[in-house]
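K.L.:
Below is a structure I'd like to ask you about.
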Amino acid sequence: MSTRVLVVDDDEHILRAMATSLKRAGFDVTTADDSVPAMNMSASFDIVVADFNMKSEATGADVVRHFKTLHGDNITCFVLSGEDNPELREACLAAGATDVLLKPVSPAELRRRLNE
């Protein structure tokens with residue numbers, strides 16, 4: 001059974017590129033174009049990759065907190081951010097994220113991190 005990954009980003013091009021790259025690497029990928037639709041999904045995932053800033057008021061840290069509350073240590077979460085901000089990083093890690101990856105993250109780097 002392949003690893004189930006939820007990718008959440010409100011930038012259509014980034015969302016499509018990440019999904020395509022991860023599918024080619026053998027991941028079972030589901031996408032959401034904003035944090036609220038992602039948090040309304042009833043499917044179970046092994047990994048969540050969420051952009052920090054999206055259209056709705058809910059951030060990537062909120063997405064992480066939501067899925068960690070539901071699945072605890074059974075889910076791994078990464079947050080993507082275009083800014084190298086210590087406070088943002090700390091908020092994401094406190095929410096339960098494994099790491100915060102700086103955008104643009106290369107497809108190879110993303111695959112490597114998800115396979116760790």
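The values are calculated or read from the model by the stated rules, or taken from the named source; none is laboratory data. What you see is a predicted model; the values in this text were computed from it and never measured. Cβ: placed from backbone, ideal geometry, glycine included. Neighbour counts: every protein chain shown. Just the protein is used for accessible areas: all its heavy atoms, side chains included, with ligands, DNA and RNA removed. Shrake-Rupley method; radii C 1.70, N 1.55, O 1.52, S 1.80 Å.
K.L.:
Would you pick out the residues in segment 89-112 that are open to solvent by less than 40 Å² (accessible area, probe 1.4 Å) and free of Cβ contacts under 8 Å to residues at least 60 places away in the same chain?
P.N.:
Within segment 89-112, Cys92, Ala95, Gly96, Ala97, Asp99, Val100, Leu101, Val105 meet the criteria.
K.L.:
Asp84: in a helix (DSSP H, G or I), open to solvent by 50 Å² or more (accessible area, probe 1.4 Å) and either in contact with a Leu (Cβ under 7 Å, 6 or more places away or on another chain) or of a type outside the set (A, V, I, L, M, F, W, C) (or both), yes or no?
P.N.:
On the way: in a helix (DSSP H, G or I): no; open to solvent by 50 Å² or more (accessible area, probe 1.4 Å): yes; either in contact with a Leu (Cβ under 7 Å, 6 or more places away or on another chain) or of a type outside the set (A, V, I, L, M, F, W, C) (or both): yes.
Criteria not met by Asp84.
K.L.:
If you don't mind, another one. Run Asp11 past the list (1) under 21 Å from Gly82 (Cβ atoms); (2) without any contact (Cβ under 8 Å) to a residue 40 or more places away in the chain; (3) open to solvent by 50 Å² or more (accessible area, probe 1.4 Å); (4) touching a strand residue (DSSP E or B) at 6+ places or on another chain (Cβ under 9 Å) and report the number of the one that doesn't hold.
P.N.:
Asp11 satisfies all of (1) under 21 Å from Gly82 (Cβ atoms); (2) without any contact (Cβ under 8 Å) to a residue 40 or more places away in the chain; (3) open to solvent by 50 Å² or more (accessible area, probe 1.4 Å); (4) touching a strand residue (DSSP E or B) at 6+ places or on another chain (Cβ under 9 Å) except (2).
K.L.:
Moving on. Applying the selection to segment 68-81, what residues are under 16 Å from Arg4 (Cα atoms), open to solvent by less than 50 Å² (accessible area, probe 1.4 Å) and either in contact (Cβ under 8 Å) with a residue 40 or more places away in the chain or of a type in the set (D, E, K, R) (or both)?
P.N.:
Lys68
K.L.:
Another question, if that's okay. Could you check segment 52-67 and list, in sequence order, the residues that are open to solvent by 80 Å² or more (accessible area, probe 1.4 Å) and either modelled with pLDDT of 95 or more or not basic (Lys, Arg) (or both)?
P.N.:
Correct list: Asn53, Glu57, Arg65.
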